[in-house]
Amino acid sequence: MTKDELVGVYRTLGEDTVAADGTVTSDSDRTAQIMYSPDGYMAVVSMPNGRKRTAKGAAGPDLGGATPEERAEVSLGMVCYAGRYELKDNVLHHRVEMALNPNAVGQTIVRRAELKGTDLTLSSVPAPDGSYRRIRWRRVG
């Protein structure tokens with residue numbers, strides 16, 4: 001896969017946990033989008049489906065009108081980060097420059113990548129027990 005082939009916007013099809021013995025446990029109860037630009041930037045937002053709305057129903061994208069408890073609740077399970085990416089031998093290196101979790105800033109997230117037509121699969125580096133996570137995406141733009 002080349003960088004030019006990767007560039008685009010993808011929506012999630014589902015997430016899997018693959019055990020060392022090959023057993024797959026799937027989870028499709030999330031909505032996510034990941035984007036790769038031609039100039040080397042990427043961004044991802046992933047959230048659990050069915051999050052409860054805040055009482056104030058803030059019209060904008062921030063949570064300024066929400067209570068501290070509401071902010072904590074709507075943040076549970078959220079994954080949001082952006083930064084630069086590099087593709088080497090079908091391995092993506094996401095260099096996190098900003099993130100919902102401030103502890104992620106400065107980290108590099110490594111994902112094995114496979115592109116088949118409009119479908120992209122990103123897999124984590126296997127854990128010591130051989131299991132790994134993978135996220136299946138489909139290009140929408």
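No lab work stands behind these numbers, since they all come straight from the coordinates. Computed from a predicted model, the values in this text were never measured in an experiment. No Cβ is skipped: glycine too gets one built from the backbone with ideal geometry, and neighbour counts run over all protein chains shown.
Starting from the Kirkwood radius over alpha-carbon pairs of the chain, derive D by Stokes-Einstein at 4 °C in a medium of 1.567 mPa s and give it in µm² s⁻¹.
79 µm²/s
Where the centroid of each part is defined by its Cα atoms, how far is the range 1-31 from the range 69-115 in Å?
If we compute the Cα centre of each part, the gap is 15 Å.
Show log10 I(q)/I(0) for the range 71-131 at q = 0.12, 0.15 Å⁻¹, two decimals, from a solvent-free Debye sum over equal Cα scatterers.
Reported log10 I(q)/I(0), two decimals: -0.39, -0.59.
Dipole magnitude of the chain about its Cα centre, charges +1 at Lys/Arg Cβ and -1 at Asp/Glu Cβ only, in debye to the nearest 20?
280 debye
Among 97-110, 34-47, how do they line up by average Cβ neighbours within 10 Å per residue, starting with the highest?
Per-residue mean Cβ counts within 10 Å order the peptides as 34-47, 97-110.
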